[in-house]
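**Student:** Please read through the structure below; I'll follow up with questions.
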Amino acid sequence: MKVTSADIVISAVKPEQYPDSALPEFALAGRSNVGKSSFINKMLNRKALARTSSKPGKTQTLNFFLINEMMYFVDVPGYGYAKVSKKEREAWGKMIETYITTREQLKAVVLITDLRHPPSNDDVMMYEFLKHYNIRCIIIATKADKIPKGKWQKHLKVTKETLDADPNDPIVLFSSETGLGKDTAWAVLKQYMNEETREEEHAEDVE
């Protein structure tokens, strides 16, 4: 997809602060320092729209990025960062849980993992949480450029097995450095958006 406009429009911590919009939303989840900001910047053709930081735990709010006036990326705080206090982690967890389980505009959660390593316990917990609430998930296995191409499938297999991934959940090899997987990721996102449109049109026809 050609991105012609992308801006962060609001940082929210509670439902009344979410955008008053019916546009589809995709939440971006992953452990701290996994490369969420780099993923956002690469997908949106921006160098620093989402701030990358050497200090994990920087994102402390739900950051809504409006894209082409037609959809949102919602960057949620990274998990698994030890230096954040237990109280802060609990607050972030509650904020993320409230958004993910109550937001009707949420079409899927993009779970970003590091292809080089098996998904962490926190990744597995997040995935199980999404499955418990029947929330669609798109798995982005990033940092593929750090691994020889011949070993990609082996690492993908480990990712799928560790998460016990649902075969219906897409998994995309990705690299923020080379752009690998960018077109595939956009194709999956557009498919989820189009499915929703078709469902709404069908509902109108039935009425």
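**Student:** Just to be sure I understand: with springs between alpha-carbon atoms less than 10 Å apart, which residue in MET95, MET70, MET43 has the highest mean-square fluctuation in the Gaussian network model of the chain?
**Tutor:** MET70
**Student:** Could the peptides 104-113, 161-170 be put in order, highest first, of the mean number of other beta-carbon atoms found within 10 Å of their residues?
**Tutor:** 104-113, 161-170
**Student:** Would you calculate, for the chain, the mean residue ellipticity at 222 nm contributed by helices, counting each DSSP H stretch of 4 or more residues as -39,500 (n - 2.57) and dividing by all residues, to the nearest 500?
**Tutor:** -11500 deg cm²/dmol
**Student:** For the stretch 4-19, what does the Karplus curve 6.51 cos²θ - 1.76 cosθ + 1.60, with θ = phi - 60°, yield as ³J(HN,Hα) per residue in whole Hz, taken in order and with x for Gly and Pro?
**Tutor:** Computed from phi, the couplings for the stretch 4-19 are 9, 8, 7, 9, 7, 9, 6, 10, 10, 10, 9, x, 5, 9, 5, x Hz.
**Student:** Moving to a separate point now. GNM on the chain, C-alpha springs below 10 Å: top fluctuator among THR102, THR184, THR142?
**Tutor:** Maximum fluctuation in the GNM of the chain, among the listed residues, is at THR102.
**Student:** Separation between the GLU90 and SER11 pseudo-spin-labels, each 7 Å from Cα along Cα→Cβ, expressed in nm?
**Tutor:** Label at GLU90, label at SER11, 2.4 nm between them.
**Student:** Then there is this: Given the pairs LYS94/LYS146; LYS149/LYS182; LYS87/LYS107; LYS14/LYS86; LYS42/LYS146; LYS42/LYS107, which span a C-alpha to C-alpha distance of over 23 angstrom in this model?
**Tutor:** Where the Cα-Cα span goes over 23 Å, the pairs concerned are LYS94/LYS146; LYS87/LYS107.
**Student:** Run the numbers on the stretch 6-206 and let me know its relative contact order in percent, using alpha-carbon pairs under 8 Å that are six or more apart.
**Tutor:** 21
Laboratory data are not the source of any read-out in this text; all were calculated from the coordinates shown. Computed from a predicted model, the values in this text were never measured in an experiment. No Cβ is skipped: glycine too gets one built from the backbone with ideal geometry, and neighbour counts run over all protein chains shown.
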